[in-house]
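Below is one structure, written out as structure tokens; the observations come after it.
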Amino acid sequence: MSIDTDATHNIADSLAGLLPRPIPMGFHAAARGTPVQLTAMPPGWAMHEADAEKFDDTPRATKGKAVLAEPASFIDYIKRHQAPGTVAWCHFDPQQFSLSFCAVFDDHQPGTPGWRRHRADFTPEHSAEWKVWKAHHSKAMGQVEFAEFLERNADDINAESAVDGITYPTSLAMLKMATEFEMNGERKLRSVARLQGGQSRFEYVDDAHPDTLATMSAFDKFQIGIPVFWSGLGYRIQARLKYRNNSGKLSFWYELIRPDLVHQAAARQTIEAVRTGIESVPLLMGSFNS
């Protein structure tokens, strides 16, 4: 069976003459770069944009999101790209220990809406020390486990007197206490006595040798000095040492005293550093929703 190619071409030409064709609707002038060609496309005549921006040397507008890791980089990025519509936002939630910043370079201006497509975000990262001490806050540990925790983090223990005038134990004194925890970890607690000067005395006996008595002292309060945020300043935080006697076996933990106020002080310091660094760019307290 042969196919009449001439007839086929005639049918195609006839259909092409009858079917609707795309209708050029002109060009949409762009502020810069190649204009956008507009075409009405059948069958529903939706408007199609043929944008050749990718062939231009530069894009028409700056857009994208930068994520910065420290205040200095965030400030520098804002100063590099700030425009008349640039606004910075700060969201601080002291209950959730959260702090974040956002800069919008093409934000709305009075009488002129902005695209809000170019922005920079900065969320201060909590320091490794803050994460460790905050994670173990109020977490009960056995004597040996608690001793090992103190040994691992001895460099954070700070003996400097705070404004309350209390003398806090040094890291060496805390390590000595931790060693005594380890030595008496398998013995049975016999008695506890509160001593003057903010200490407690524990007396232990060995089940195998009831006449053998071991005594150790523990501080009721100590202090750490750690940065709240990575690359940030150090802050002193007081902690209460707690214990629980469970049938002669002791478990210990600590409770940080008002860590929220310490975090708030660090957050305020960071906020003021950003506010000062960005100079004329306004810093608004609140949340940005694109």
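Tabulated values for the structure
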| quantity | calculated |
| --- | --- |
| Selection from region 99-138 of residues that are at pLDDT 95 or above, surrounded by fewer than 15 Cβ atoms within 10 Å (Cβ to Cβ) and in contact with a strand residue (DSSP E or B) (Cβ under 8 Å, 6 or more places away or on another chain) | GLU125, HIS137, SER138 |
| Residue count for region 68-98, restricted to those that are aliphatic (A, V, I, L, M) and surrounded by fewer than 16 Cβ atoms within 10 Å (Cβ to Cβ) | 3 |
| Qualifying positions in region 243-260 - outside any helix (DSSP H, G or I) and in contact (Cβ under 8 Å) with a residue 24 or more places away in the chain | TYR243, ARG244, ASN245, GLY248, LYS249, LEU250, SER251, PHE252, TRP253, TYR254, GLU255, LEU256 |
| Residue match in region 75-83 (condition: touching a Phe, Trp or Tyr at 6+ places or on another chain (Cβ under 7 Å) and under 20 Å from VAL228 (Cα atoms)) | no |
| Region 146-195, residues that are at pLDDT 85 or above and open to solvent by 60 Å² or more (accessible area, probe 1.4 Å) | GLU148, GLU151, ARG152, ASP155, THR170, LEU172 |
| Elements of type helices (runs of 4 or more DSSP H) in region 52-161, at least 2 residues being more than 20 Å from the chain's Cα centre (by Cα) and touching a residue at least 40 places away in the same chain (Cβ under 8 Å) | 143-152 |
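Yes/no per residue for (1) part of a loop (DSSP other than H, G, I, E, B); (2) open to solvent by less than 40 Å² (accessible area, probe 1.4 Å); (3) modelled with pLDDT of 90 or more:
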{"residue": "SER231", "(1), (2), (3)": "yes, no, no"}
{"residue": "VAL262", "(1), (2), (3)": "no, yes, yes"}
{"residue": "GLU272", "(1), (2), (3)": "no, no, yes"}
{"residue": "SER287", "(1), (2), (3)": "yes, no, no"}
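The values are calculated or read from the model by the stated rules, or taken from the named source; none is laboratory data. Keep in mind the model is a prediction, meaning the values are calculated, not measured. Positions of Cβ are generated from backbone atoms using ideal geometry, with glycine treated the same way; all protein chains shown enter the neighbour counts. Areas reflect the complete protein model, heavy atoms only, side chains present, ligands, DNA and RNA absent. Shrake-Rupley method; radii C 1.70, N 1.55, O 1.52, S 1.80 Å.
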